[in-house]
Amino acid sequence: MNIQFKKGILELCVLVLLNQKDRYGYELVQMISDQIQISEGSVYPLLRRLTKESYFTTYLKESNEGPPRKYYQLTSLGKERLEALTAEWTQFSQGVNQILKEGGNNE
Amino acid sequence: MNKDQFLQKLDTLIKVLPPDERQDILQDYKEYFLLGTEAGKTEEQIASSLGSPNQIAKDLLASYHVDQAANKATSRNIMRALWSVIGLSFLNFFIILGPVIVLFGIVFSGWLLSFVLCITPLLALINLVSELAPFQTFDLFISFILCGLGLFMIIAMVYTTRKLFSLLIRYLRFNISFIKGGVKNA
């Protein structure tokens, strides 16, 4: 998929995953990179940016093994953002699908 | 590249950031290496899946400089922010150029116009003294009106400039989240 495209989508993916439950950075990166080919290092700068924009807050939580992990939690502002992005994405993908379908019928 | 090399490279590249933020960033990547190793990957595998420290640093620095410019809109901060965002990718220069030329054009010509309007009485007086053209009291009268207009325009330009720069900051933020950096082989 087009590279310019994916970065905007990355934000949506992160928001969706955090809407389910609080997650830590590594978990988020793995869940996304399982589905989409991304440069894994770029997720952290994104997480920092979105934290600064108050879309989520972070807290440290002890884990069974190893040092405490940094968890991300969605704020109400983040939820609003998620809704807005989801609506945009749905409209956009429906449009593309429609065009694909019509293109397919002509062949 | 192994873990130490990766972290060291990244650390040198983000030297301009405040120490606590730098620490925080490195901590994130350390955690990432740790969890990756626990999952059975080698340090080299993890480093290569993270992508180049260079691109990560560019991304972090661009965000940082834009935040700085948003907090304190000095010309220096704004130029830095612009420069670091342009540096995100080669083509970004051309994408950013248009909006920036328009913005600086409006700001520059607005200020120039209000300044010239303000000094019109002075110009009328110079004309009176030097007699370059036949002097008319009417000229002086008009020049005072223009001067008043100029003063109002300065007030308007203060607000316009502020507004335009905050728009620029918003555009740069949007640009950062849109322009690659995030993606493999990009």
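The table that follows gives values for the structure above.
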read-out: Looking only at region A:32-45, and only at residues there that are more than 7 Å from chain B (Cβ to nearest Cβ) and farther than 14 Å from B:Leu35 by Cβ, the one that is surrounded by the most Cβ atoms within 10 Å (Cβ to Cβ); value: A:Ile32
read-out: Which listed residue, of A:Val16, A:Val43, is β-branched (Val, Ile, Thr), more than 30 Å from B:Phe90 (Cα to Cα) and within 12 Å of the chain's Cα centre (by Cα); value: A:Val16
read-out: Count of residues meeting criterion [under 24 Å from A:Thr58 (Cα atoms), within 12 Å of another protein chain (Cβ to nearest Cβ) and outside any loop (DSSP other than H, G, I, E, B)] in region B:23-45; value: 15
read-out: Test for B:Lys58: is it in contact (Cβ under 8 Å) with a residue 60 or more places away in the chain and either within 29 Å of B:Ala156 (Cβ to Cβ) or within 13 Å of another protein chain (Cβ to nearest Cβ) (or both); value: yes
read-out: Residue that is surrounded by the most Cβ atoms within 10 Å (Cβ to Cβ) [pool: residues in region A:7-24 that are more than 7 Å from chain B (Cβ to nearest Cβ) and among the basic types (Lys, Arg)]; value: A:Arg23
read-out: Lone qualifier among A:Glu27, A:Glu53, A:Glu88 - being within 14 Å of another protein chain (Cβ to nearest Cβ), farther than 27 Å from B:Tyr64 by Cα and surrounded by 12 or more Cβ atoms within 10 Å (Cβ to Cβ); value: A:Glu88
read-out: Residue within region A:68-76 that is under 17 Å from A:Val14 (Cβ atoms), charged (D, E, K, R) and touching a residue at least 24 places away in the same chain (Cβ under 8 Å) present; value: yes
read-out: Residue in region B:152-165 that is within 30 Å of A:Arg48 (Cα to Cα) and within 14 Å of chain A (Cβ to nearest Cβ) present; value: no
read-out: Any hit, region B:55-78, residues being more than 15 Å from B:Leu7 (Cα to Cα), assigned by TED's automatic domain parsing to the domain that holds B:Asp4, over 11 Å from the mean Cα position of the chain (by Cα) and hydrophobic (A, V, I, L, M, F, W, C); value: no
read-out: Selection within region B:82-107 - under 11 Å from the mean Cα position of the chain (by Cα) and either assigned to a loop (DSSP other than H, G, I, E, B) or farther than 17 Å from B:Lys163 by Cα (or both); value: B:Trp83, B:Ser84, B:Val85, B:Ile86, B:Ile96
read-out: Any hit, region B:108-123, residues being in a helix (DSSP H, G or I), free of Cβ contacts under 8 Å to residues at least 24 places away in the same chain and farther than 30 Å from B:Arg80 by Cα; value: yes
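Table: residues versus (1) at pLDDT 90 or above; (2) part of a helix (DSSP H, G or I).
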| position | (1), (2) |
| --- | --- |
| A:Met1 | no, no |
| A:Gln4 | no, yes |
| A:Cys13 | yes, yes |
| A:Leu17 | yes, yes |
| A:Val29 | yes, yes |
| A:Ile32 | yes, yes |
| A:Gln37 | no, no |
| A:Ser63 | no, no |
| A:Pro67 | no, no |
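The values are calculated or read from the model by the stated rules, or taken from the named source; none is laboratory data. If you're wondering where the values come from, they're calculated on a predicted model, not measured in any experiment. We place every Cβ from the backbone using ideal geometry, glycine too, and count neighbours over all the protein chains shown.
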